[in-house]
Amino acid sequence: MKLRLSQPFLEAPHLFEWVRGGLGVLGLVTVLLLCTALGSAIRLALPDAGGGTPTPWVMSPLPFFGQLSPFELKDAEGSLFGTRRLRGGVYVLQFLSSDSRDEARATLERLSVVWRRLEAERLPVRFVVVDRAPPGAAHPGDVAGMLPGPWHVLEGGAALEAEVGALLRETEAPGQAGGTRVTPALLVDQAGGLRGVYDLEHEPRRFDALVEDVRCVNECGPVPAVAGLPPGETRVSGAGCQDPRGR
């Protein structure tokens, strides 16, 4: 008796060839995908000539009034606090206008409105209050009791105040008419550059401006030249900003 093989069974070798061919194509596609992913990972890991992964500059609309000199003042506990602890972060600098505690309280209440809005948006910023009251008139600790949050209250600062006043007069910044006394709130960037002046007492719109500018400086960073970056750089690691006037 002869055994007859069914037609499907006779075609089985062709089926095996199709399966083997399909597996080969699938393997090739898998290898190509792995190579592409590996290449992308290598490009991200390797630094460029400028160091780090390049990121285009972020243009900043904020002005640049000048660079603050390094400073170090005493707080209510007598500890030193200044540029070394502030550098790298954005901060709002406020000189209290007089030795009147009522005026000081009014100034801090206006500033606290801005602080609460920044806290609500979780924008990283510090508040530094320089109490310029003469010795014996009030102690910085008295001001610290008026604060709504963990602000830094420093005493003295006559040289710093005079420097800021000179910068504002030189650049004809708003809120600084003659004299050396500085009353507006001041915005300082991560490299110690003075970037904004805000008269919160007489200009209600400056509350919104200060909040928006804090957001802007946190996004774009300091002026490249002030931050010590090479001149002419067009791409850096991380975001930077350039003053529209090229200062």
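Since every read-out is calculated from the coordinates, none of them should be taken as a lab result. Just so you know, these numbers come straight off a predicted model, no measurement behind them. Here the Cβ positions follow ideal geometry from the backbone for every residue, glycine too, while neighbour counts run over all protein chains shown.
Extending 7 Å from Cα along the Cβ direction at LEU123 and again at GLU172 yields two label points whose distance is 2.8 nm.
Sort 80-93, 210-223 by the packing proxy (mean of other Cβ within 10 Å over each peptide's residues), most packed first. Each step should come with its number before you reach the end.
Details: 80-93: 16.6, 210-223: 20.1.
The most tightly packed comes first, giving 210-223, 80-93.
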